[in-house]
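S.K.: Below you'll find the structure I mean.
The values are calculated or read from the model by the stated rules, or taken from the named source; none is laboratory data. Note that the structure is a prediction, hence the values are computed from the model and not measured. A quick note on method: Cβ atoms are made from the backbone with ideal geometry, for glycine too, and the neighbour counts reach across all protein chains shown.
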Amino acid sequence: MLRVEGLSVWYGATEVLRNVGFTVPDGEIVALMGGNGAGKSTTLNALSGLLKPRGGAIKLGDRRIDGLHPHDVVMAGIVQVPQGRYVWPSMTVRDNLVLGAVTRRDKAGIARDIEAQLDLFPALRERQKVRAGALSGGQQQMVAIARALMARPKLLLMDEPSHGLSPKIVEEMIDIIRTLHKRGMTILLVEQNVGVAAALAGTAHVLRNGEIALTAPGGELLNNAQLLKSYLGR
Amino acid sequence: MLPFLLVSGLTTGALYALVAIGLVLVYRSTTHINFAHGELFMVGGFLAYTGVVILGWPYVPSLILAVIGTFILGIVSDRAIFRPLIHAPGLSMVLATVGFSFLLKGIGRLLWGGRGEFTSMPPIVDPSPIFLAGLPILPQQLVVLAAAVACMLALAAFFRGTTAGKSMQATAESTRASYLVGIRVERVYMYTWGAGAAIAAVAGCFMAPLTLLSPDIGFNLLLKAFAATILGGLGSMGGAVVGGFAVGIIESLAGGYVYTAFQDVSAFIVIIAVLVLRPQGLFGTRPAREA
């Protein structure tokens, strides 16, 4: 599905990603881990077209997508759920979902997909007409995920879906992501929470100082807790 | 005298509100104050003048000419001036819009100047007053008021009911989220500059027959609209409307009861008073934008 090769990104005179390469196979969940400033969000932003990489290639299937405008990245099938959720606070939950499908023209399909999201997130159904800014953090995260799904992505990028949520809501998030996985969604998950990554990811890559320092099967993350701690800087 | 002053204040206030809405529209979406906004108002007024007086067209086609002309002007200015500066520091944009205002003023003088200090525009409807409940009211004032309110309602419907309107709203609230769902943010900015200019032109068309036209009229209007947005709370659409009406009425009352020359000063006094007493304005909150 996704193949990243030799990706390098610079902020001014600083190289923040150096020769980063990994793949996300069809239907799998791959985790990208690392401490603050390791380059996780930079990688996602390069994938989404918010940053232009200086070197390397990003391929979705056979197609090069590096350097595309964010709109064209969404059209190609990659949609990001940003960290901190970034819902549109003064707009209703429903309008947030409607705009998630801004790249689509099939009205009937959009209406069906809104129903599908409300089935997936029953808590949102009764709050369709509520301003998204009035929701709890967990519900805003649901809106952000549902909004991303409205674009019918092939690959979902999730930037710290557990960030700032209570342990109980984090469990709910894990269930939701598992459900998406079961439905065949391919997911690249950025996580600092080892528990969440271990519970979900088939493979985990650990970034340090802009380079991939370690790759391990998700199930083995918890066995290497000590090693991970040194990489995650905690 | 009071009812008369109130009616005239409401009429000019409605036009200030329209100009202020355009200013807020652009500010919300792009976080920039368009200092050329008053000149777009002026160009709109003169385009209508070109239609009505120079070409002898009826009023409605002239209005359409003004709206389409300034809309295109707004879009061209975005492509030529503002988009290249999209990532430049805020001050560059301020200077760019100020520079653009001088350019428009120069073009205005070139095309429509030299007709005496002020150019008059024929009235839209019969200028003789009618009496409503014993009040002498100019039919023109009613037309202006109705047009301004219709314009505001149309805008509200646009924001609530259309994907384009929602995309503008979304871009104003979170540029990042808008990029990530695939909204063409640069295009939204472009249409926002165009729409802001077109709204200013509508106000210009209706103001021209009431007052008079001059290529230098823009700055004064920008000032009034600016006072309205400061009063209403910078970034609030509803605030711009309320602020516009308030500035119109305050100005009318100040001119009627205090001193005629006080009329134009009152906008300054509003700005200063609001900044001292309630800097966020009547309906303003701190702009809720990401860093």
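S.K.: Tally time: how many residues in the stretch A:25-68 are away from chain B (no Cβ under 14 Å) and touching a Pro at 6+ places or on another chain (Cβ under 7 Å)?
M.R.: 1
S.K.: Further, regarding this structure: Hey, which of the helices (runs of 4 or more DSSP H) in the stretch B:192-291, taking only ones fully inside, have at least 2 residues that are modelled with pLDDT under 85?
M.R.: Those helices (runs of 4 or more DSSP H) span B:262-277.
S.K.: Scan the stretch B:69-99 for residues that are closer than 19 Å to B:Phe46 by Cα and free of Cβ contacts under 8 Å to residues at least 60 places away in the same chain and jot them down.
M.R.: B:Val76
S.K.: Still on this structure, please answer the following. If a residue must be in a helix (DSSP H, G or I) and either exposed (fewer than 13 other Cβ atoms within 10 Å of the Cβ) or free of Cβ contacts under 8 Å to residues at least 60 places away in the same chain (or both), how many such residues does the stretch B:108-123 contain?
M.R.: 1
S.K.: For B:Thr171, which of the numbered conditions (1) under 30 Å from A:Gln80 (Cα atoms); (2) β-branched (Val, Ile, Thr); (3) touching a residue at least 24 places away in the same chain (Cβ under 8 Å); (4) not in a helix (DSSP H, G or I) fails to hold?
M.R.: B:Thr171 satisfies every listed condition except (4).
S.K.: Please go through the stretch B:1-52 and pick out each residue that is of a type in the set (Phe, Trp, Tyr) and over 20 Å from B:Thr171 (Cβ atoms).
M.R.: Those that are of a type in the set (Phe, Trp, Tyr) and over 20 Å from B:Thr171 (Cβ atoms): B:Phe4, B:Tyr16, B:Phe35, B:Phe41, B:Phe46, B:Tyr49.
S.K.: Right, another one. Here is a list: A:Gly35, A:Gly77. Which entry is within 19 Å of A:Ile212 (Cα to Cα) and surrounded by fewer than 20 Cβ atoms within 10 Å (Cβ to Cβ)?
M.R.: Being within 19 Å of A:Ile212 (Cα to Cα) and surrounded by fewer than 20 Cβ atoms within 10 Å (Cβ to Cβ) holds for just one of A:Gly35, A:Gly77, which is A:Gly35.
Quick grid of which residues meet (1) polar (S, T, N, Q); (2) under 24 Å from B:Gly165 (Cα atoms); (3) modelled with pLDDT under 95:
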residue: A:Gly133; (1), (2), (3): no, yes, yes
residue: A:Ala144; (1), (2), (3): no, yes, no
residue: A:Ala151; (1), (2), (3): no, yes, no
residue: A:Met158; (1), (2), (3): no, no, no
residue: A:Gly164; (1), (2), (3): no, no, yes
residue: A:Lys168; (1), (2), (3): no, no, yes
residue: A:Glu171; (1), (2), (3): no, no, yes
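S.K.: Pairs needed: first member in the stretch A:90-105, at the interface with another protein chain (Cβ under 7 Å from one of its Cβ atoms); second member anywhere, acidic (Asp, Glu); C-beta distance under 7 Å; at least 6 residues apart or different chains.
M.R.: A:Ser90/B:Glu173
S.K.: Another question about this same structure. Does A:Val16 satisfy the condition of being surrounded by 18 or more Cβ atoms within 10 Å (Cβ to Cβ), β-branched (Val, Ile, Thr), more than 11 Å from every other protein chain (Cβ to nearest Cβ) and part of a strand (DSSP E or B)?
M.R.: Yes, satisfied.
S.K.: Here's a follow-up. What are the pairs with Cβ atoms under 9 angstrom where one residue, in the stretch A:199-216, is under 21 Å from A:Gly56 (Cα atoms) and the other, located anywhere, is assigned to a strand (DSSP E or B) and of a type in the set (Phe, Trp, Tyr)? Sequence gap at least six, or different chains.
M.R.: Every condition considered, the pairs that remain are A:His205/A:Phe22; A:Ile212/A:Phe22; A:Thr215/A:Phe22.
S.K.: Name every residue in the stretch B:89-137 that is under 21 Å from B:Gly194 (Cβ atoms) and of a type in the set (A, V, I, L, M), in order of residue number.
M.R.: B:Met93, B:Val94, B:Ala96, B:Val98, B:Leu103, B:Leu104, B:Ile107, B:Leu111
S.K.: Quick one: how many residues across the stretch B:173-190 are crowded, with 24+ Cβ neighbours inside 10 Å and more than 7 Å from chain A (Cβ to nearest Cβ)?
M.R.: So the count comes out to 1.
S.K.: Right, next: When you scan the stretch B:1-87 for helices (runs of 4 or more DSSP H) that lie fully inside it, which ones turn up with 1 or more residues that are over 23 Å from B:Leu103 (Cα atoms)?
M.R.: B:2-30, B:59-77
S.K.: Among all residue pairs at least 6 apart or on different chains, which show Cβ distances below 7 Å where the first residue, located in the stretch A:69-86, is more than 7 Å from chain B (Cβ to nearest Cβ) and the second is assigned to a helix (DSSP H, G or I) and of a type in the set (Val, Ile, Thr)?
M.R.: A:Val81/A:Ile145
S.K.: Sticking with this structure for a sec: Do we have any residue at all in the stretch B:207-220 that's in contact with a Leu (Cβ under 7 Å, 6 or more places away or on another chain) and either surrounded by 19 or more Cβ atoms within 10 Å (Cβ to Cβ) or within 10 Å of another protein chain (Cβ to nearest Cβ) (or both)?
M.R.: The answer is yes; a qualifying residue exists.
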